[in-house]
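None of the figures in this text is laboratory data; all of them are computed from the coordinates on show. The shown structure was predicted, so the numbers you read here are calculated from the model rather than taken from an experiment. Cβ: placed from backbone, ideal geometry, glycine included. Neighbour counts: every protein chain shown.
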Amino acid sequence: MKQFEGQTLSWELKDGVIELALHREPLNEISSLTLEELEKFVAVLGGLSHEAHALILYSSLKSGFCAGADLRELYQWIQEYGQSEVAKHAREYLERIHAVMNVLDMSPLTTIAAVHGVTFGGGFELALTCDLIIADKMARFCFPELRLGLIPGYGGIPRLKRDLGNAVVRDLLLTGRSFNSTKAQQIGLVSQVVSEGEALRAARATAMQMAKFDRTTAAAAKQFIKQLPLEELKREIDIFCDLISRPAVQAGLKKFVESTDAQPYLP
Amino acid sequence: METAEKTLDEILTLAAAHFKVPREKLFPDEDFFKALGIDSLQTLDLLTKLENHFRVELPDYELQGVTDFRALAAKIQARL
């Protein structure tokens, strides 16, 4: 199989590059279905890797890369399972999504996230699995989870700490503020900032450059320089599950889901 | 350094162009959510446009409670 057309994402292997496009309206919120389709993708990624040198993740929606977890679905879980059972369900879900993120993170391919617009929460965490982030001028990055009484749960904190250090994590996490591509490049998060609408083109050009290199060497270089922060990833799941069963989280999610505020996305 | 009035004028011009609203229909003390017909995601777009244009960093929590162009201009002016 060299291509897949799903309801939330599609991918295709062409000329040695796998392009995975997110396309779930309105803003690629990561739902159970997204996770199932990501699991299907990582299940075949190992085989595809023999024919590819690069993987590009992007969004085909104009509105942005990804707004993060599907908070409406999360709220439904709390309603459905109750506060006593939701932690168990959340743990199972997080272990599945961590498994996907870890495969992407450790793929022998050189991976590129081409982002634009909103790159928030779980969407930011997905981009952080990639070796390079190429952003257009309108991209914004944010961890808004504290606003809901939670921490990011898809591995974002350990990965950002691994890549950039603790101070950057504290700023983003504890203020909940978003910042733009220019700032993201200044702190080393983003490797290239390009004009509006040009991130995918720049990612393809970068992937083409990578085709010149010996794959075994490129994979060895990546394996040498990039390791999984496994202990912290496990600890993140524990903390998230401790927090999610609290009434404050239910209240925060309810407020978001029922909000008619003009600024629900502003931290 | 730009004056407050020049900053305000540039914000109005930039917002009009980005959201395709006639410049002459935007007023300094007007609620920009209503005037531009924008939601929170589009507000983030506006924030990014303004940060790029003025080369400033404006934490979005500073926009809480800011609803008119003049107040927005004051927030930017304070960081120029």
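Which whole-number percentage describes the relative contact order of the range B:4-77, with Cα contacts under 8 Å and a sequence gap of 6 or more?
Details: 65 pairs, mean separation 30.4, N = 74.
That works out to 41 percent.
Over the whole of B:40-50, what's the average partner chain Cβ count within 10 Å per residue? Rounded to a whole number, please.
Working: counts 8, 13, 3, 4, 12, 6, 0, 4, 11, 4, 1.
Mean partner shielding for this stretch: 6.
With a Förster radius of 22 Å, plug the Cβ-Cβ distance of A:Glu36 and A:Met106 into 1/(1 + (r/R0)^6) and report the FRET value to the nearest 0.05.
FRET efficiency, A:Glu36 to A:Met106: 0.60.
From the helices alone, meaning DSSP H stretches of at least four residues, give me the mean residue ellipticity at 222 nm for the protein assembly as shown, per-run term -39500 (n - 2.57), in deg cm²/dmol to the nearest 500. Please list the in-between numbers first.
On the way: 14 runs with 179 residues, N = 347.
That comes out to -16500 deg cm²/dmol.
Could you list which residues have their amide H under 5 Å from that of A:Glu196, counting only those 5 or more apart in sequence or on another chain, with H placed in the peptide plane?
Close amide H contacts, sequence-distant or interchain: A:Lys137.
Tell me the label-point distance for the pair B:Thr13, A:Asp242, using the 7 Å Cα-to-Cβ offset, in nm and rounded to one decimal.
So the two model labels end up 5.4 nm from each other.
Just need log10 I(q)/I(0) for chain A at q = 0.07, 0.09, 0.14 Å⁻¹, Debye formula, equal scatterers on the alpha-carbon atoms, no solvent, rounded to two decimals.
Debye intensities relative to I(0), on a log10 scale: -0.23, -0.38, -0.95.
Report Rg (one decimal) and Dmax (nearest whole number) for the range A:1-70, counting Cα atoms only, units Å.
11.9, 34
Tell me, what does the Kirkwood hydrodynamic radius of the range A:168-267 come to in angstroms if you use every pair of distinct C-alpha atoms? The partial results should precede the final answer.
Details: mean 1/r = 0.0551 Å⁻¹.
Mean inverse Cα-Cα distance, inverted, gives 18.1 Å.
Would you mind getting me the FRET efficiency between A:Asp214 and A:His89? Use the beta-carbon distance for r and R0 = 45 Å, nearest 0.05.
Details: r = 45 Å, r/R0 = 1.00.
About 0.50, to the nearest 0.05.
Suppose we keep just the DSSP beta bridges with both residues in the protein assembly as shown; what percent of those would be antiparallel, to 5? Can you show the working numbers first?
Details: 14 of 38 bridges.
In the protein assembly as shown, approximately 35 percent of DSSP beta bridges are antiparallel ones.
Considering chain A as a Gaussian network with a 10 Å cut-off on Cα pairs, which listed residue, A:Phe41, A:Phe256, A:Phe224, attains the greatest mean-square fluctuation?
A:Phe224
Could you list, in their original order, any pairs among B:Lys6/B:Lys34; A:Lys40/A:Lys62; A:Lys2/A:Lys161; A:Lys40/A:Lys222; A:Lys212/B:Lys49 whose Cα atoms are separated by more than 28 Å?
A:Lys2/A:Lys161; A:Lys212/B:Lys49
What FRET efficiency would be calculated for the residue pair A:Val44, B:Lys75, taking the C-beta separation as r and a Förster radius of 56 Å, to the nearest 0.05? Don't skip to the answer; put the middle values down first.
Numbers: r = 49 Å, r/R0 = 0.87.
Step by step, r from the Cβ atoms, then E = 0.70.
Against the empirical 2.2 N^0.38 Å scaling, what ratio does the C-alpha Rg of the range B:4-77 come to? All intermediate terms of the calculation are to be shown ahead of the outcome.
Details: Rg = 10.8 Å, N = 74, 2.2 N^0.38 = 11.3 Å.
For the range B:4-77, the normalised Cα radius of gyration is 0.96.
Looking at the range A:1-59 only, what percent of DSSP beta bridges run antiparallel? Nearest 5 please.
Working: 9 of 15 bridges.
Expressed as a percentage, antiparallel bridges in the range A:1-59 total about 60.
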